[in-house]
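The structure under discussion appears below in the form of structure tokens.
The values are calculated or read from the model by the stated rules, or taken from the named source; none is laboratory data. Bear in mind the structure is a predicted one, so any value in this text is a computation, not a measurement. Virtual Cβ from ideal backbone geometry, glycine too; neighbours counted across all protein chains shown. Ligands, DNA and RNA are stripped out before the accessible areas are found, and what is left, the full protein with its side chains, is counted by its heavy atoms. Shrake-Rupley method; radii C 1.70, N 1.55, O 1.52, S 1.80 Å.
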Amino acid sequence: MDDYATSDDDYHYSDQDDSVDGFDNDDQDIPLLSSKAPSTQVITKESLLAAQKEDLRRVMDMLSVREQHARTLLIYHRWDVEKLFQVYVDKGKAYLFAEAGVSVDESRESGSSVRSSVLCEICIEDVPSDEATKMDCGHCFCNGCWTEHFIVKINEGQSKRIRCMAHKCNSICDEAVVRTLLSRQHPDMAEKYERFLLESYIEDNKRVKWCPSTPHCGNAIRVEDDELCEVECSCGLQFCFSCLSEAHSPCSCLMWELWAKKCKDESETVNWITVHTKPCPKCHKPVEKNGGCNLVSCICGQAFCWLCGGATGREHTWSSIAGHSCGRYKEQEKTAERAKRDLYRYMHYHNRYKAHTDSFKLESKLKETIQGKIAISEEKDSTVRDYSWVNNGLSRLFRSRRVLSYSYAFAFYMFGDELFKDEMSEAQREIKQNLFEDQQQQLEANVEKLSKILEEPFETFSDDKVMEIRMQIINLSTIIDKLCHKMYECIENDLLGSLHLGIHSIAPYKSKGIERASELSVCWNNKVNNTGVTAELDRPSGSGSSEDNSGCSSRKRARKEGLGGGGGGSDGGFFDLNLPAEFVDRN
């Protein structure tokens, strides 16, 4: 294994290339852009309608269907357009429609003869034909029965797929009919129905999820490629898209869930009590021994043997307690030793996890200090004019410090008995643990040296000394980036990749840090597609939609009214590294 031990001889510098992988030495205000389009997008309250329309138009164009039918198909397939098209290609249009409950009534559209009255089979009453409604499936009932049916289904939470009232009919009711009938007498239910239809794009879409910020920023995030990723919302929150927890790689989602629970609950306190105290045999309160004698007394007055916990008299000698002997082995002693061992193991990993977490918080305060040092240095008459390498080094420090912190939580479960006891032999476990810990220690040593160098008062140094510091920071940043890559490759290939239990996957490592989602455009043109269907979305009734002079629709999302919009804008590119949200400069 390559040794990245940190000594002064390890540094190398090339005059031909002043930048390192993932770092540009241009002005810090210029964002680092990717050569490809961003793979994540922010869906705000205003752009939610446009995002939904984008998928609806694709299905309407491909299948030559109306908007409500396209929405029904997409809701059934959880807004997975590619999966919907695959079913269409493999099994045909008839199967696709029948499976999703879509019916197209040709006679309804051709204008067949209409009777003056119809018999409603629900209320068994004759009603005028203009007071009855026929769905695409061909079933016709009175408007009153339809309305009550819609209200019941909406209150039951089935508003996104309301089925026909006819017995054994699986057809989905036309959303335009539902909207029209409800708005006549129950406009509040019509608005609720509209909101559910709109939010189904997020609630039922595996590639779109609400930002888990508290209070809620009102944004959602859509990923285009891999669902197993870490993203940054425009509000500044960085989170795991898969489990909506804080960004936690290289831990898998299950590992982080267990670790977070273990750190928050009182299980380790219980373990400490088990190891260091014994219950009184009379009042059962925990008693801690504060002397060398193994005959102890509880505050209730009961005397008992510390070795076995049995109640005794108060007389004892240096070798025995009156009327009592407990020298034989009992299973409880073995249990206590196991609990003690597990507690010490947890404390080892937790102490190091917390140490790096605390260091991250303290080093986050360096940003303001370093900006002051840069300002002082730029005012000096110096040949060094570019100090972006300092900010890049600080960003690398933040990223690698978080990786180190979460790596200890990963190691706790990877090499413990809770998840992978039967997946590895003891010999295999030892080999893999040594491999991982070697890389972890190398990364840790270089991160600590980078942290020390960044705290140097370089604003007081000569130009030659500043250039030396510059070379050290650039080269240490390169080394740390390579070590992080190697650690992630080791975890994915040598550790998790060799297991039979394939439920543990981690978000990939990115040198530039967590990608900031770009803003989704909220404007669209009202064009007519090749099916003859107008591409403009129907305006929801009672939704409070508005339109400005630019033709862009603006709609407030009713789900979290009053919680405020996403704080801060997005530059639409990549953020250099995952700086803490509270320390990011936003325009």
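Which value, in Å², gives the accessible area per residue of region 159-210 when a 1.4 Å probe is used on the protein heavy atoms?
I get 43 Å² per residue for region 159-210.
So for region 346-502, averaging the separation of alpha carbon pairs under 8 Å that are six or more residues apart and normalising by length, what relative contact order in percent results?
The value is 33 percent.
Loop-only check: which GluC sites (Glu not before Pro) in region 191-238 are DSSP coil with at most 14 other Cβ within 10 angstrom?
Those satisfying the criteria are 224, 227.
Could you work out the mean projected area of the convex hull around the alpha carbons of region 114-219, in square nanometres to one decimal?
Values: hull surface 32.9 nm².
Hull-based average projected area comes out at 8.2 nm².
Largest first, what is the accessible-area ranking of 277, 180, 383 with a 1.4 Å probe? Numbers along the way, then the final one.
On the way: 277 15, 180 65, 383 115 Å².
Of 277, 180, 383, the descending order of accessible area is 383, 180, 277.
For region 341-476, what is the accessible area per residue in Å², given a 1.4 Å probe and the full set of protein chains? Show your work: numbers first, answer last.
Working: 6160 Å² over 136 residues.
Solvent-accessible surface per residue comes out at 45 Å².
Exceeding 28 Å between C-alpha atoms, which entries from my cross-link table qualify? They are 278/361; 261/285; 367/449; 354/449; 421/510; 209/432.
Details: 278/361 39 Å; 261/285 26 Å; 367/449 17 Å; 354/449 19 Å; 421/510 31 Å; 209/432 36 Å.
Pairs exceeding the cut-off: 278/361; 421/510; 209/432.
Work out the length of the dipole vector of region 240-301 about its Cα centre, built from +1 on the beta-carbon of each Lys and Arg and -1 on the beta-carbon of each Asp and Glu, and round it to the nearest 20 debye.
Numbers: 7 positive and 6 negative charges, 78 e Å.
Here region 240-301 has a charge dipole of around 380 debye.
With all protein chains present, calculate the accessible area of residue 152 using a 1.4 Å probe and round the result to the nearest 10 Å².
Roll a 1.4 Å probe over it and residue 152 shows about 70 Å².
Heavy-atom accessible area of residue 274 with all protein chains present, probe 1.4 Å, nearest 10 Å²?
Only protein atoms counted, so the area is about 70 Å².
What does the charge dipole of region 193-286 about its Cα centre add up to, to the nearest 20 debye, if the Cβ of each Lys and Arg holds +1 and the Cβ of each Asp and Glu holds -1? Can you show the working numbers first?
On the way: 11 positive and 15 negative charges, 174 e Å.
It works out to roughly 840 debye.
Which of rounded, prolate or oblate describes region 358-494 when judged by the alpha-carbon gyration tensor and an a/c cut-off of 1.5?
On the way: a/c = 3.99, a/b = 2.79, b/c = 1.43.
Judged from the Cα gyration tensor, region 358-494 comes out prolate (a/c at least 1.5, a/b above b/c).
Using only protein heavy atoms and a 1.4 Å probe, report how much of residue 358 is accessible, in Å² to the nearest 10.
60
For region 47-95, run through the trypsin sites (Lys or Arg not before Pro) and keep only the ones in DSSP coil with at most 13 other Cβ atoms within 10 Å of their Cβ. All intermediate terms of the calculation are to be shown ahead of the outcome.
Values: sites: 53, 57, 58, 66, 71, 78, 83, 91, 93; in loops: 66, 78.
Answer by residue number: there is no such site.
Using only alpha carbons, build the gyration tensor for region 182-281 and give me the equivalent ellipsoid semi-axes, biggest first, whole Å. Could the numbers behind the result be given before it?
On the way: eigenvalues 336, 91, 25 Å².
So the equivalent ellipsoid measures 41, 21, 11 Å along its semi-axes.
Could you rank 134, 452, 285 by how accessible they are, 1.4 Å probe, largest area first? Display every interim value, and only then the final one.
Details: 134 75, 452 140, 285 110 Å².
Descending order: 452, 285, 134.
Taking the Cα centre of region 67-213 as origin, work out the dipole magnitude from +1 charges on Lys and Arg Cβ and -1 charges on Asp and Glu Cβ, in debye rounded to 20. Walk me through the numbers before you get to the answer.
Numbers: 20 positive and 24 negative charges, 117 e Å.
My answer is approximately 560 debye.
From largest accessible area down, sort 417, 130; use a 1.4 Å probe on the protein chains. Intermediate results must be reported in sequence, preceding the final value.
On the way: 417 85, 130 120 Å².
Per-residue accessible area, sorted high to low, gives 130, 417.
Lysines within cross-link reach of residue 93: Cα-Cα under 18 Å, excluding same-chain residues under 8 positions apart?
Within reach: 83.
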